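The values are calculated or read from the model by the stated rules, or taken from the named source; none is laboratory data. Here the structure is a predicted model, which is why all the values come from computation and not from measurement. Here the Cβ is made from the backbone with ideal geometry for all residues, glycine too, and neighbour counts use every protein chain on show. The accessibility values were calculated without ligands, DNA or RNA, using every heavy atom of the protein model including side chains. Shrake-Rupley method; radii C 1.70, N 1.55, O 1.52, S 1.80 Å.
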Amino acid sequence: MINRLAVIGVGLIGGSLALSLKSKGAVNEVIGYSRSENARQEALALGVIDKAADSIAEAVAEADVIFVAVPMGAMAAVFADMSEHIRPEAIITDGGSAKAQVVMAAREALGDNFKQFVPGHPIAGTEKSGPSAAFATLYEDHRVVLTPLSDTDTAATAKIKAMWQLTGAEVFEMDVEHHDTVLAATSHLPHVLAFNLVGMLAQRDDCDEVLRYAAGGFRDFSRIASSDAVMWRDICLGNKQAILDLLDEYHQGINKIEQAIKEEDGEYLIEVFARAKKARDTRF
Ligand code: NAD
């Protein structure tokens with residue numbers, strides 16, 4: 001049981017954790033802070049949080065567990081603002097989509113409290129953002145990855161693991177670099193591809209005409225291009241090398257496909273497409 005949960009960044013990810021734990025009776029009180037006054041008031045009005053704090057200091061001062069769920073580019077400043085005000089026994093965790101950058105920022109800002117910091121990433125989400133996008137069942141049957149360091153307190157990790165399990169999530173542990181490589185492949189690269197394709201079509205003079213004929217396949221593929229631009233800028237810059245490595249691999253693959261189309265090498269196209277179909281059909 002958590003007595004007071006502080007959520008810094010009450011949007012889709014932070015708000016959904018608050019709603020889930022409240023629905024399970026696993027938290028006595030949720031205090032929330034978001035930079036925008038509108039988001040704070042909306043979160044309060046929707047019952048996502050029980051109390052809106054006017055500052056990060058106020059939000060964390062009496063919290064047992066602090067969940068940081070702001071865009072990754074804002075994490076360093078948030079850790080710095082909270083560091084003087086955290087109770088020594090409080091446990092801090094986050095929901096950032098790439099871990100190396102967040103861990104570095106936390107290590108720099110949190111001082112002695114760093115051992116109480118359990119880096120995390122719920123692999124769940126939608127393309128919507130803000131407190132109104134939050135819902136209690138977001139994490140049910142989804143995976144959460146924790147990336148504790150060698151100096152992370154094991155009791156803190158166990159407590160955060162138990163917290164996520166209460167939301168209905170399955171919890172895994174991974175090292176930071178492995179997490180960032182895996183997520184670059186399954187989440188970050190696909191978002192970059194979707195943003196690029198939809199952005200490219202949006203610049204065409206005949207964009208409306210073209211998109212009028214978009215069918216289910218385009219809708220499925222392009223849904224993630226509706227995600228928040230600031231959040232995805234931060235993820236791209238925060239997991240730079242892993243994404244660049246994959247983009248390099250992707251360029252090589254798309255160049256080969258381009259070449260095969262030019263040369264009418266149907267055999268190569270069948271080989272690539274059939275390999276992809278088999279991989280998808282056996283896993284999803
Ligand atoms: P969101 O936009 O829904 O919520 C972010 C909240 O943070 C907003 O309420 C905003 O007002 C607040 N905020 C922004 N800058 C702030 C600052 N400097 N100080 C305090 N509050 C600030 O975003 P989200 O989708 O909930 O994402 C939050 C985090 O979770 C990000 O780090 C993201 O990488 C990660 N994440 C997102 C998803 C997803 O699918 N959306 C999935 C997993 C992890």
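With contacts defined as alpha carbon pairs under 8 Å and 6 or more residues apart, what's the relative contact order of the chain in percent?
This gives 17 percent for the chain.
Gaussian network model of the chain, Cα springs within a sub-10 Å range: biggest mean-square fluctuation belongs to which of Ser97, Ser222, Ser83?
Ranking Ser97, Ser222, Ser83 by mean-square fluctuation puts Ser222 first.
Where the accessible area of segment 2-174 is counted over protein heavy atoms with a 1.4 Å probe, how much of it, in %, is carbon and sulfur?
Ligands and nucleic acids excluded, carbon and sulfur give 49 percent.
Name the long-range amide H neighbours of Gly130: under 5 Å, sequence gap of 5 or more, or other chain; modelled H, no Pro or chain starts.
Correct list: Leu12.
Check Arg143: other-chain or 5+ apart residues with amide H under 5 Å from its amide H, H built from backbone geometry?
Answer set, sorted by chain and number: Ile123, Glu170.
Where only protein heavy atoms count, and the probe is 1.4 Å, what is the accessible area per residue for segment 91-181 in Å²?
Result: 44 Å² of accessible area for each residue.
For the chain, count the residues as N, evaluate 2.2 N^0.38 Å, and divide the Cα radius of gyration by that value, please.
1.11
Residue separation times 0.36 nm, minus the C-alpha to C-alpha distance between Leu44 and Asp265: what's the value?
73.6 nm
Within segment 74-95, which residues have the backbone N less than 17 Å from the label spot 7 Å out from Asp112 along Cα→beta-carbon, could you tell me?
Counting backbone N atoms under 17 Å from the label point, the list is 82-92.
Could you sort Tyr139, Tyr213, Tyr250, Tyr33 by accessible area so the largest value comes first, with the probe set to 1.4 Å?
Putting Tyr139, Tyr213, Tyr250, Tyr33 in descending order of accessible area: Tyr213, Tyr250, Tyr33, Tyr139.
Work out from phi, with θ = phi - 60° and the Karplus expression 6.51 cos²θ - 1.76 cosθ + 1.60, the ³J(HN,Hα) of each residue of segment 260-273, listed in order in whole Hz, and give x for Gly and Pro.
5, 5, 4, 8, 6, 8, x, 4, 5, 4, 4, 4, 5, 5
Taking the C-alpha atoms of segment 5-146, how large are the radius of gyration and the largest Cα-Cα span, Dmax, in Å?
Spelled out, the Cα radius of gyration and Dmax of segment 5-146 are 13.6, 36 Å.
Distance in nm between label sites at Ala26 and Arg280, each 7 Å beyond Cα in the beta-carbon direction?
3.4
Excluding same-chain pairs closer than 8 in sequence, count the lysine pairs in segment 2-174 whose Cα atoms lie under 18 Å apart.
Lysine pairs meeting both conditions in segment 2-174 amount to 9.
Over the chain, with a Gaussian network built from C-alpha contacts below 10 Å, which listed residue (Glu264, Glu84, Glu42) shows the highest mean-square fluctuation?
Sorting by GNM fluctuation, first place goes to Glu264.
Under a crude label model (7 Å from the Cα following the beta-carbon direction), how far is Asn196 from Ser150 in nanometres?
Between Asn196 and Ser150, the label points sit 3.8 nm apart.
Determine the relative contact order of segment 2-65: mean sequence separation of Cα pairs under 8 Å and six or more apart, normalised by residue count, in whole percent.
In percent, rounded to a whole number, it is 42.
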